[in-house]
1. Mind listing just one residue for me: the one in the stretch 98-120 that is within 20 Å of Ser173 (Cβ to Cβ) and either among the aromatic types (Phe, Trp, Tyr) or at pLDDT below 95 (or both) and, of those, nearest to the chain's Cα centre (by Cα)?
2. Restricting the first residue to the stretch 153-176 and requiring it to be under 19 Å from Thr194 (Cα atoms), which pairs with a second residue that is assigned to a strand (DSSP E or B) and hydroxyl-bearing (Ser, Thr, Tyr) meet a Cβ separation below 6 Å and a spacing of at least six or different chains?
3. Checking the structure you have, find out if any residue of the stretch 123-141 is farther than 26 Å from Ala77 by Cβ, in contact with a Lys or Arg (Cβ under 6 Å, 6 or more places away or on another chain) and part of a strand (DSSP E or B).
4. Find the residue count for the stretch 46-69, including only residues that are in a loop (DSSP other than H, G, I, E, B) and under 28 Å from Lys120 (Cβ atoms).
5. Identify all residues within the stretch 197-230 that are out of contact with any Ser or Thr (no Cβ under 7 Å at 6 or more places or on another chain), outside any strand (DSSP E or B) and touching a residue at least 12 places away in the same chain (Cβ under 8 Å); write none if there are none.
6. Suppose the filter is among the hydroxyl-bearing types (Ser, Thr, Tyr) and within 19 Å of the chain's Cα centre (by Cα); does Ser134 pass it?
7. Would you check which residues across the stretch 185-220 are among the polar types (S, T, N, Q) and more than 20 Å from Val153 (Cα to Cα) and list them?
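The values are calculated or read from the model by the stated rules, or taken from the named source; none is laboratory data. All of these numbers come straight from a predicted model, not from anything done at the bench. Cβ coordinates were reconstructed from backbone atoms using ideal geometry, including for glycine residues, and neighbour counts include every protein chain displayed.
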Amino acid sequence: MLIAPSGTVTTPFSADVFAESWSTIYATRAGDQVVYISNVKTGAIDRIALNGDAQTSFTEIASGFSTNKGALGSISAPAGLTYDAAIDTLYVVDTNANRVAALSNVSAIGTDGVIVSGNKFSGAAAASATVIASGAPLNGPISGELLVNGDLVVGNTLDPNGTNLLVEISPPSGVVATKNVDTGAAGAIFGIVTVPKTVTTMGPYGPVNAQTNEIYFNDDNTNTVMLLAQ
């Protein structure tokens, strides 16, 4: 047990300072093992480096992402952490600001290397931070996952008129596609998991393999887990 029911953090994280931790992702690259964590209270992003199960460092790499802690069930804070090991980039679904930010060369960002203030980034690693999508159709985006083509799929929680969109975002060009997956009350989509899949078709010279994804997501309106096959 790392965190007790009372909220007390135990070994190996007892010296770390969390500010109402919210989202987390485990990432590996070139043998390095890292956990990234976002915080509700401060909008900070922490990086915990591991050697097996032993913690080797704790670094608050970013702070100041927008937060809005309302009633139970209405927390808006940086979430949907997604890591692309191929380009060492951490994507942050910035829920309250209706945007998705990218932290490139994230493994090298030092203590408070990125400081967020509204639409501006400062700090020693400010150049590493960019916004890859902002505004409509994003509306309370909360979850995100990486697709095999390097794009992200992001789930909205506050779509108007009860639409619940999955939004595909290309880091170089922004939003490229949307899909309404539930026409009931807003807030149906929360968790998303993507699984790589190989699809074989017959071409003029024989079988052709293409990489695609299966996208699993929960639907809170129907209490189901759904599969969207590409």
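1. Within the stretch 98-120, the match that is nearest to the chain's Cα centre (by Cα) is Arg99.
2. Gly155/Ser143; Leu165/Thr178; Val167/Thr178; Val176/Ser170
3. Within the stretch 123-141, none of the residues are farther than 26 Å from Ala77 by Cβ, in contact with a Lys or Arg (Cβ under 6 Å, 6 or more places away or on another chain) and part of a strand (DSSP E or B).
4. 4
5. Asp220, Asn221, Thr222
6. Here the answer is yes, as Ser134 does meet what is asked.
7. Matches in the stretch 185-220: Thr200, Thr201, Asn209.
A quick yes/no check of all residues on (1) among the basic types (Lys, Arg); (2) touching a strand residue (DSSP E or B) at 6+ places or on another chain (Cβ under 6 Å); (3) in contact (Cβ under 8 Å) with a residue 40 or more places away in the chain:
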site	(1), (2), (3)
Lys41	yes, no, no
Asp46	no, yes, no
Gly52	no, no, no
Thr56	no, yes, no
Thr67	no, no, no
Ser76	no, yes, yes
Thr82	no, yes, yes
